[in-house]
Every structure is written in C-alpha cells, then in structure tokens.
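Report on the structure given below.
Any read-out appearing in this document is the output of simple, stated calculations on the displayed coordinates, not a laboratory observation. Bear in mind the structure is a predicted one, so any value in this text is a computation, not a measurement. Cβ sites come from the backbone with ideal geometry, for glycine too, and all protein chains shown count toward neighbours.
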Amino acid sequence: MTLSVRIITPDKIVWDDEAQEVILPSTTGQLGILTGHAPLLTALNTGVVRVRPSKDWQAIAVMGGFAEIENNEVKILVNAADVGVNIDKEAAQKEWSEAQSRLDEATRSGERQKIIQAEQAWKRARARYQAAGGFVQI
C-alpha cells in the first residue's frame, strides 16, 4: 500500500505521485508519515519535505503552509516549493551565505523588523540549499 502525495502552491502542483513514506517539517518538529497514519492536520515550517516514492528520496523545499493526512492521502498546501533536483546547488549555497550575512547584519542593527525579514529570507535560502543536497550546520 502507498500514500498519495500532492504538494500544491497557489500557482502550480509541484508533486502529485505515490510514495512509500513522507517526512514533513512541521512546526513541532520532523513528522514521519507512513501508510495507515492517523488523520492529522499540521502547520509546516519553511523547510524540506522528503518523499520516498520508491527506493530513493526526493527533497522538496517548502515555504511554510499546512499538511492534511487522511485515508493514505497527504495533501500539502504551501506558499511556494521547489523540487531539489531542479535547484542549482552552487547558486543555492551562495544565496544561503548571503542570507546569513544579511541576518548577521540585521542582528547587529537591533531593528526588530529587519531581523524578522532577514530570518525569513535565511530560512528560505537554507531550505533551498538543503533540498539541493547541501549540508547546513545549525
């Protein structure tokens, strides 16, 4: 038995396929989903959804949203998403490094609004880099 997994953004369907297992970046931590999972509605952080359609895992960067699990269907509604194999790893690493610098600068400034914006940009860049296969120490 498999899971039916759909990842949907406001403008496109990013993933629509069967999977053996899904790992979600929920607001309470990583959440593993297998067939027969109890019904669940959870908020998602900006992070990486990992989907295992067969033997290999696929990484998809998601930018916050919600997931609903019911009757072996996983519906993931997010603000934006990028499939890891479609992300240029070097460009994503550069984006993440630049976002880290902007976050450090905003933190030094002490301006709350700048810090919040820089943190969000850093989280998006980190998710894209991780989905592309980059290693990020936290």
Checked region 28-138 against the a/c 1.5 cut and the a/b vs b/c comparison, axes a ≥ b ≥ c from its Cα gyration tensor; verdict oblate
Enter the angle in degrees (range 0 to 90, nearest 10) between the Cα long axis of helix 89-109 and the first principal axis of the Cα atoms of the chain, meaning the one along which they spread out most. 50 degrees
What is the helix-to-structure angle for 112-131, meaning the angle in degrees between its Cα long axis and the longest Cα principal axis of the chain, kept from 0 to 90 and rounded to the nearest 10? 50 degrees
I want to check the label-to-label distance for residue 100 and residue 52. Put each point 7 Å from Cα in the C-beta direction and report it in nm to one decimal. 3.0 nm
If you take the square roots of the eigenvalues of the alpha-carbon gyration tensor of region 88-132 and sort them as a ≥ b ≥ c, do you get rounded (a/c under 1.5), prolate (a/b over b/c) or oblate? prolate
Three-way shape label, region 3-85, alpha-carbon gyration tensor, a/c 1.5: rounded
With contacts defined as alpha carbon pairs under 8 Å and 6 or more residues apart, what's the relative contact order of region 3-85 in percent? 31 percent
